[in-house]
Structure formats: structure tokens, C-alpha cells
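K.L.:
Please read through the structure below; I'll follow up with questions.
The values are calculated or read from the model by the stated rules, or taken from the named source; none is laboratory data. None of the values given here were measured: they were computed from a predicted structure. Heads up, the Cβs are rebuilt from the backbone with ideal geometry, glycines too, and the neighbour counts pull from every protein chain shown.
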């Protein structure tokens, strides 16, 4: 039994459609372990008096130079809350090994709560650690007028097909896998905890075609970023633009972020194009055959004598026969 190109094409299309049904309706989720990165400092003790020294261990800074200072008001207003005159500036290790410094404690210009603050020259990387300065006054914390939000969130999604089967599904508008990464940064000068991270994806009129499940960030230290990547499979049909949303909330704060991805099912489009071409060729072949058949019929009618001619010839032959008999 032989197969035509058309039947093979139809078989491939049916097999592809079977692949689409493997995912069902629900999205499948696979999670990677979260991690925290960014600037961090630790102290050998957290209760000191003016004139004492504290050992500061510095890690996670991506800069060649840092400034260490004693600050009041939880350093909410940046260097304005810090005693910058006796601050200690020093090179920071670039080989990812800890930088260690012994810092003398001086009285900050504002009341406690107090912190040891380590910052880059441009203040784009900051880490703090709480410290009690014995005998220094304590007052309510005052926020900066133009202070940035305490927490920031970002979301990034990228197509991540798993093997040949995953690629085929995505190319046929089936379930498409994406690696979705959410990052939550503590932009404040105090540790943040009790945060809830949520995410979802929508397309067209369907707002929840995937709902990735992210873990608990725990406690995020000042200046640090918590990050987790989750693999989410968007249910079929997966085509067009998918809008991803991330939100973080808790402890009286919150932030949102969005991004979008687009899946173009090239293999499905190729199948459709081939089917359209095949149908067009069939129509052309049908019209050509029809014209040939009509042409052959017209030629046969042109050389075939009509009924009156046949009857007239027969009559003449009969008359000739009678004349021969009479003679």
C-alpha cells in the first residue's frame, strides 16, 4: 500500500494534534530553589559604646571601594543620618572573598535606632546592620521625603522547551514551557520579612492560563535581593502574547511588575500553509482535467454524423436497390 504526500502530511498533522492534548488544561509547574544575593554585612557584636570598635565582615558588594559609617535613624535618610567625618573608607575585595574591617564607634548625628552602614561610592549598593550605641538618645524614625519604596519586584519570562517534544508542542501551539524568574529587592535600611510573592499569566480574555507558585522569601536583609526561578507550562492553545504579572505584598508594603512573551507556532503555520497549497493544487488539477474532458467531447461531436445524415444515406441506398430489382 503506497501513501501520497497528502496522506503523509495529514498523518503528521494528526500526530501533532495528539501532542497538543498531552498537557490537558492545567499548567504544570516545576520550581527551582530560591536564593538571596547582594550586599551583606555582619558584626562581631551589636551592643557598643562610643569609642569601642566593632569587627565588620563585608560580602556581596560589586564595587572596588566601600564607605563604613555609624548612623542613627536607621539611616533612613542615607548619609544625612550618618557620622561621615570619622567614617572608614577602604577597598573591597573583588575575588568574592569577605572584606574585613575594624570600625571605631562614633556618635551619629541623629538619634537611634542605630546601624552600621556600608555603601558604595555612588550609594547604589548599600547594606546595614542594627547596632545599639549605649548612652545615645533614641527617637522615632523619620523617613526621607523622597525615599524609594521599601521593596522592589521584577519578573522575567523566557521560553524554555524541554527537549524535542517540548519544542514540537510549542511549535504546534500546544503547551509551551517558560522559565519565570521573580526578584524581590529590599531597598530599605532594615530587614524585611513576612512577604508574599504571587504571579500569574494571562492571554486574551483568559487571565489565568498559568499560576506559578513561588516560595516564601523569608527575611531579606537591607540591600539584598531574593530570587527564584519557576518553570511554568502554559496550557494549549499557546499562541500570541502572554502577559506575566508579579506582585509582592506584606508588612504594610507592596510592589508589582509585568512582562510579556510571544509564542509563534511556526510548525503549525507551516502545516496550514502546506494544506492550503495542496488544496489549491487539487483545484488547479481538477480544472485542467475538466477542460481536457470537455475538449475531447467537442472533438468527438465534430466528426460524428448526425441522425438525419444517416437516415438520408440509408434512403438513397434503398432506392438504388429497388431500381436494380426493377431493371
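K.L.:
Taking the range 94-116 as the region of interest, how many residues are more than 19 Å from residue 45 (Cβ to Cβ) and surrounded by 14 or more Cβ atoms within 10 Å (Cβ to Cβ)?
P.N.:
Counting residues in the range 94-116 that are more than 19 Å from residue 45 (Cβ to Cβ) and surrounded by 14 or more Cβ atoms within 10 Å (Cβ to Cβ) gives 3.
K.L.:
Which ranges mark the strands (runs of 3 or more DSSP E) fully within the range 1-110 that have 2 or more residues being over 30 Å from residue 229 (Cβ atoms) and modelled with pLDDT of 60 or more?
P.N.:
47-49, 53-59, 65-71, 88-91, 99-104
K.L.:
Right, here's the next one. Does residue 256 satisfy the condition of being surrounded by fewer than 16 Cβ atoms within 10 Å (Cβ to Cβ), over 14 Å from residue 178 (Cβ atoms), modelled with pLDDT of 90 or more and over 13 Å from the mean Cα position of the chain (by Cα)?
P.N.:
yes
K.L.:
Could I ask something else about it? Could you look through the range 126-143, keep only residues that are in contact with a helix residue (DSSP H, G or I) (Cβ under 9 Å, 6 or more places away or on another chain) and either in the same structural domain as residue 49 (by TED's automatic domain parsing) or surrounded by 13 or more Cβ atoms within 10 Å (Cβ to Cβ) (or both), and pick out the one that is nearest to residue 111 (Cα to Cα)?
P.N.:
Per the criteria, the residue is 141.
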